[in-house]
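The values are calculated or read from the model by the stated rules, or taken from the named source; none is laboratory data. These numbers come from a predicted model, not from an experiment. Here Cβ is always computed from backbone atoms with ideal geometry, including for glycine, and neighbour counts include all displayed protein chains. All accessible areas refer to the heavy atoms of the entire protein, side chains included, with ligands and DNA or RNA removed. Shrake-Rupley method; radii C 1.70, N 1.55, O 1.52, S 1.80 Å.
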4 protein chains.
Amino acid sequence: MYSNLSLGALGLSADFPTAVELAVKHGFGGLDPDIGHLAAQGDQGAIREAGAAVAERGLRWGVAGLPVDLTAPAAEFTTQISDLPATLDVLTAAGIPSVGTWVRPMHDALTYRRNWVLHVSRLSLVAEVLADAGLRLGLEYVGPKTFWSTERFPFIHSLSEVRELIADTGAANVGVILDSFHWYTAGETATDLVGLRDAEIVSVDINDAPDDRDRDEQLDLDRRLPATTGVIDLAGFMTGLRDAGYTGPVKVEPFLTSLSEQPIDDVLADVSSRLDAAIG
Amino acid sequence: MYSNLSLGALGLSADFPTAVELAVKHGFGGLDPDIGHLAAQGDQGAIREAGAAVAERGLRWGVAGLPVDLTAPAAEFTTQISDLPATLDVLTAAGIPSVGTWVRPMHDALTYRRNWVLHVSRLSLVAEVLADAGLRLGLEYVGPKTFWSTERFPFIHSLSEVRELIADTGAANVGVILDSFHWYTAGETATDLVGLRDAEIVSVDINDAPDDRDRDEQLDLDRRLPATTGVIDLAGFMTGLRDAGYTGPVKVEPFLTSLSEQPIDDVLADVSSRLDAAIG
Amino acid sequence: MYSNLSLGALGLSADFPTAVELAVKHGFGGLDPDIGHLAAQGDQGAIREAGAAVAERGLRWGVAGLPVDLTAPAAEFTTQISDLPATLDVLTAAGIPSVGTWVRPMHDALTYRRNWVLHVSRLSLVAEVLADAGLRLGLEYVGPKTFWSTERFPFIHSLSEVRELIADTGAANVGVILDSFHWYTAGETATDLVGLRDAEIVSVDINDAPDDRDRDEQLDLDRRLPATTGVIDLAGFMTGLRDAGYTGPVKVEPFLTSLSEQPIDDVLADVSSRLDAAIG
Amino acid sequence: MYSNLSLGALGLSADFPTAVELAVKHGFGGLDPDIGHLAAQGDQGAIREAGAAVAERGLRWGVAGLPVDLTAPAAEFTTQISDLPATLDVLTAAGIPSVGTWVRPMHDALTYRRNWVLHVSRLSLVAEVLADAGLRLGLEYVGPKTFWSTERFPFIHSLSEVRELIADTGAANVGVILDSFHWYTAGETATDLVGLRDAEIVSVDINDAPDDRDRDEQLDLDRRLPATTGVIDLAGFMTGLRDAGYTGPVKVEPFLTSLSEQPIDDVLADVSSRLDAAIG
């Protein structure tokens, strides 16, 4: 696995060339793609060169966002899915191997099973379009009870469930996005990671949680940098990834607004060293 | 539909002959069976006579409890299911047409889909054994969020879901036990009852809810007698039953310990008149 | 229900104005739409007028073909589904209320359950797009064993199965296209039609079967005009439709090449009178 | 893997002590248990000794038959499942690790999905009772089209499907019984075995097929000894087992009545050497 710079996940921003310099300077192994920047390069050849330039700096790609809303009304979803191949042309030209999205863990009108059918239906189609382009899709589950319990019908909010969903689509190019914060808030432990294989994991986030509240009181958008409070068993989480032989990107996504008030180099040096310490 | 006296659901108790007298005295249309009392009559003929005696008093039967725990370990479930026919012999001799149980709305280890398979598996078998004896099964869903959100995996806690479960078993002799308290706490309204048919409803409870808390704060074991606080739209609920052409028993189950401290005749007169007012 | 003229299903062809005249002349209650003809009228107003003109002749619409291949590769399906709204604009302007397609009853690579997921996925999306336009979708199952047994994995080939599929999509605007030939070859009888409601039936075909072979030897493309051989229990079939309160179109689709060699007025007079006799 | 003597599968019979001697004499690695013989030993201690005596002869156990009919009416199934623990006591005392049964590949009344629910329901319960006793269950799929196409609704008749069924039960102690004859008649090739793991395979049969008919004309009860006609790709099949790291029993089940007319030692010498040649 390799550390991945995602400025967006840190609440920071920079133009793409600057992001590349920052990633190199602070020793990240990869960085998030900027699809707008890549698309603006012009034709496929220019995009290919831009991707190659990143690789020449020794950087690999993080996961691009899936530009499709899995639960949008049919008319909107249909438009998004028919526009998808054009975006995929950019991604494949740049050498970006995977896209990701998350699963909304509740619904106010659809029962678990109706929502399941919706997700399998939409995912099957998205996965097939991605497979045609040689791309993988990562699905992130969202663990906090303060989130999944807020509407009438809780939905997927655990690793077991997202794996069941992926299995039901029958798609070989769909895997999990694991986040230690969701893993913890879902009530999961190292045991839940046993048996995972690299091929099932598309991307990883590591975060810690505040230590002033119980697990079921944790809030999705209030997290900590990894290995700060020690609430989350980071060592157990990373052992699970290592046992799986995980080879992909690892980033942080702490939703800490204070980071944007600090010197960016201080933040990135800290984040990079925390990622390196975790990856080992 | 007809009012049904369930002393147990009122937190009261009496021997069965006394219960029959109380039901008649207070104008109930039916009463809950007492399987122990019936079984103690001896042979099938004696049980048949005991059942006939109740009918002769103008009383119909409420729903007997299903003596099977749907989520018990296999060894225990297997024993219960193999003991079931003996109990069914008592029920059928006495003319009791249906049994009921409830669905536990969460699980700490089984995901929604694994728990679904467990329930379909167990229910399919129970329903077939009941069908052989000519009996129906009622399934009650449990609505309060303070209950279904207390373990890692919420499960069936709404009318829509319990209907999906029944459909998936494929059993023609399984229906719903509706309780206005669960209907309210599940966030359901009169709209959710549209299209229900009598054949889908096995039994009905009507209760009101305390008016000092929000819907999502309601507690399963803290209810009120129907039409007291007005928190629950009893008129809308009863209209739904009438539109369905419902023909079965209606009882109250308020979990009010104070009832046992009042004169039983006062309690039953009040309950009977509340049921009559609702049934109309 | 009403008799419906489908020249295509008879192996005949005529321009649309001629088809309208033929439908009127021979007393049909409706006719199949000709989407190309309608689209060629120009703008929505012109299409609306063309549709109104048909209605003024006392004719109702049969079912239009769904211009989407449910089992196409994702790229093709995606294109078709994004093109669908334009076609639906034509259909709705002309007042055509429903489209139809059939379910391929076998697959050489997808197991029953994988094929089920594919169909539910595609149908869910198609149904939602159709619902946005106010249209219904009819699904025809195909019954002959000589067809469903020809690849490794038989799929939906009975009324029960197509109803299960529709239920699993959760779509309220999808129903069945019933064909007496498929009903017979699927081994179904009048009993299988009990409980059907008009809302579940989108269109009906009536055909008879050759009397020189057993049911399991019948071939999909070798049928007879209704009430000729008597192999198929047409009376039982029509009773089922009547009991369902069916209100839609009824046509024949005999795959008899000999019809195109006869004077078209003779053919249509015969077909119309056979439909009238069946509808009663 | 090891060669397993199953006299029953050869159409032969002998008392159990004789079977043990024959297995040793002809170099088999294991033999089928004889539950009646074991149960007749008396108490658990005596059964344990009888099992130990077999192990001392250097023999391992084949798979015992599951004494439960998965598709029996509920009353019968309920009796069988409640009687099962007593049989399992015999099996565990004797050290027999697994039982097996087969899946009937069609049904005349239950659709694929209704039959699926029946199988998942029954299997879930059986698997849990077996798991309590520490036993595994093997499920054999049956491949010939001349069998699965004979009723209205074909059911599981391939490796993919039986693996889907096992996954849906969620049971960790259920695996496949593979038979090269079913593998061939199901239209499967070496590719279908890729990815199989030892933990998924409970037992294996190897047989060849007559060379005077096409694959879809093969009959379930008309097979050949392995590596005789060469119709079945035995090498490819065994490579799949080796790649899976398969460690269990391998036997033949040719349904050749001629074997019972030959000297038993000749038959067993031939079978043993064919198994050894295949196992390699």
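Within the option set A:G51, A:G58, being modelled with pLDDT of 95 or more and closer than 14 Å to A:T92 by Cβ holds for one residue only, A:G51.
Looking only at residues in the stretch D:244-258 that are aliphatic (A, V, I, L, M) and open to solvent by 10 Å² or more (accessible area, probe 1.4 Å), which one is nearest to D:L178 (Cα to Cα)?
Checking each candidate, the answer is D:A244.
Just to confirm my filter: which helices (runs of 4 or more DSSP H) fall fully inside the stretch A:137-243 and include at least 3 residues that are open to solvent by 10 Å² or more (accessible area, probe 1.4 Å) and over 30 Å from B:Y184 (Cβ atoms)? Result: A:159-169, A:234-243. Checking D:T150, D:T79, D:T146 one by one, the residue that is within 13 Å of chain B (Cβ to nearest Cβ), among the polar types (S, T, N, Q) and out of contact with any Gly (no Cβ under 7 Å at 6 or more places or on another chain) is D:T79 and no other.
Taking A:D69 as the residue in question, decide whether it is surrounded by fewer than 19 Cβ atoms within 10 Å (Cβ to Cβ), among the acidic types (D, E) and outside any helix (DSSP H, G or I). Quick ask: steps written out before the conclusion?
Working: surrounded by fewer than 19 Cβ atoms within 10 Å (Cβ to Cβ): yes; among the acidic types (D, E): yes; outside any helix (DSSP H, G or I): yes.
Judged against the criteria, A:D69 is a match.
One residue alone among B:D168, B:D211 is away from chain A (no Cβ under 14 Å) and either closer than 21 Å to B:Y112 by Cα or of a type in the set (D, E) (or both), and that residue is B:D211.
The single residue among C:A74, C:A127, C:A86 that is within 26 Å of A:E76 (Cβ to Cβ), out of contact with any helix residue (DSSP H, G or I) (no Cβ under 8 Å at 6 or more places or on another chain) and within 14 Å of chain A (Cβ to nearest Cβ) turns out to be C:A86.
If only residues of the stretch B:10-66 that are within 15 Å of the chain's Cα centre (by Cα) and hydrophobic (A, V, I, L, M, F, W, C) are counted, the one that is surrounded by the most Cβ atoms within 10 Å (Cβ to Cβ) is B:V63.
Mind listing just one residue for me: the one in the stretch A:89-111 that is within 22 Å of A:D179 (Cβ to Cβ) and free of Cβ contacts under 8 Å to residues at least 60 places away in the same chain and, of those, farthest from the other protein chains (Cβ to nearest Cβ)?
Restricting attention to the stretch A:89-111, the residues satisfying the condition of being within 22 Å of A:D179 (Cβ to Cβ) are A:96-107.
Right, trim to free of Cβ contacts under 8 Å to residues at least 60 places away in the same chain and you get A:97, A:99, A:101, A:104-107.
Working: A:P97: 19, A:V99: 15, A:T101: 17, A:R104: 15, A:P105: 11, A:M106: 9, A:H107: 12 Å.
For the stretch A:89-111, the residue satisfying everything is A:P97.
Answer yes or no as to whether A:R122 is away from chain C (no Cβ under 14 Å) and either on the phi < 0 side of the Ramachandran plot or not in a loop (DSSP other than H, G, I, E, B) (or both).
Details: away from chain C (no Cβ under 14 Å): no; either on the phi < 0 side of the Ramachandran plot or not in a loop (DSSP other than H, G, I, E, B) (or both): yes.
The answer is no for A:R122.
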